[in-house]
Amino acid sequence: MIEEIHNYYTAEKAGVPYVVLAGILLVGAGILILFKASAHPISKGIATGFLISGGLLIVIILSNKYYNDMMIKELPNRIDETELELQQSEIGRMEKVMNVSFRYAFLGFACFITILAWLMVATPSYFWKGFFIGLLFLVLLILIADTYNSKRNDEYLESLKTYFERSKCIK
């Protein structure tokens with residue numbers, strides 16, 4: 001069971017290079033827009049939004065990688081737990097993640113996208129319109145990543161339940 005948990009945390013880190021690349025591309029696009037089209041306020045706003053979005057994306061994914069590395073380092077401390085205890089705690093943790101974290105994350109993303117859209121419409125400043133457009137890229141990229149993460153976590157939870165059911169039948 002420890003190996004299953006280890007594989008889960010390792011898989012959590014699999015998207016790090018892609019997200020870092022997306023962050024670098026956003027920062028690069030922001031810098032390029034600033035140098036090539038900074039005369040227009042909407043361009044300045046989009047560039048600023050891209051710079052902030054790219055930077056935040058990189059910070060978020062690197063902190064996620066650090067967290068998963070720490071969880072992997074903690075696994076040897078769980079060696080004294082029985083298979084049943086490990087299974088039950090992982091199933092409980094993953095059910096909480098699936099039922100609480102993802103549900104509220106998707107609601108939060110929907111609210112954030114709605115707020116950004118309203119702010120883009122409501123503000124008279126073209127700089128701020130561009131800035132909110134740039135921030136939308138951050139929200140959309142995180143939403144896409146979270147959707148894939150949700151699917152992967154659902155598969156992991158199902159494999160834990162199957163593993164748990166098989167181990168009950170064996171005993």
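Numbers for the structure displayed
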quantity	calculated
Where residue 26 falls short, out of the listed (1) under 20 Å from residue 142 (Cα atoms); (2) more than 16 Å from the chain's Cα centre (by Cα); (3) open to solvent by 60 Å² or more (accessible area, probe 1.4 Å); (4) not β-branched (Val, Ile, Thr)	(3)
Check on residue 114, over 25 Å from residue 11 (Cα atoms) and open to solvent by 60 Å² or more (accessible area, probe 1.4 Å)	yes
Counted residues, segment 68-113 - those being under 30 Å from residue 131 (Cα atoms) and without any contact (Cβ under 8 Å) to a residue 24 or more places away in the chain	7
Residues being touching a Phe, Trp or Tyr at 6+ places or on another chain (Cβ under 7 Å) and either farther than 22 Å from residue 61 by Cα or open to solvent by less than 70 Å² (accessible area, probe 1.4 Å) (or both) - total across segment 117-139	4
Extreme residue, nearest to the chain's Cα centre (by Cα), among residues of segment 93-145 that are of a type in the set (Ser, Thr, Tyr) and over 26 Å from residue 47 (Cβ atoms)	101
Subset of segment 9-23 (residues that are part of a helix (DSSP H, G or I) and touching a residue at least 24 places away in the same chain (Cβ under 8 Å))	9, 10, 11, 12, 16, 19, 20, 22, 23
So residue 61, is it closer than 17 Å to residue 116 by Cβ, touching a residue at least 40 places away in the same chain (Cβ under 8 Å) and surrounded by 19 or more Cβ atoms within 10 Å (Cβ to Cβ)	no
Options 34, 86, 56, 75; residue that is open to solvent by 70 Å² or more (accessible area, probe 1.4 Å) and among the hydrophobic types (A, V, I, L, M, F, W, C)	56
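Conditions tested, residue by residue: (1) assigned to a loop (DSSP other than H, G, I, E, B); (2) modelled with pLDDT under 95; (3) touching an Asp or Glu at 6+ places or on another chain (Cβ under 9 Å).
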position	(1), (2), (3)
7	no, yes, no
25	no, no, no
36	no, yes, no
39	yes, yes, no
42	no, yes, no
47	no, no, no
57	no, yes, no
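The values are calculated or read from the model by the stated rules, or taken from the named source; none is laboratory data. Small disclaimer: the values here were computed from a predicted structure and weren't measured. All Cβ positions, even for glycine, are placed from backbone atoms using ideal geometry, and neighbour counts span all protein chains on display. Just the protein is used for accessible areas: all its heavy atoms, side chains included, with ligands, DNA and RNA removed. Shrake-Rupley method; radii C 1.70, N 1.55, O 1.52, S 1.80 Å.
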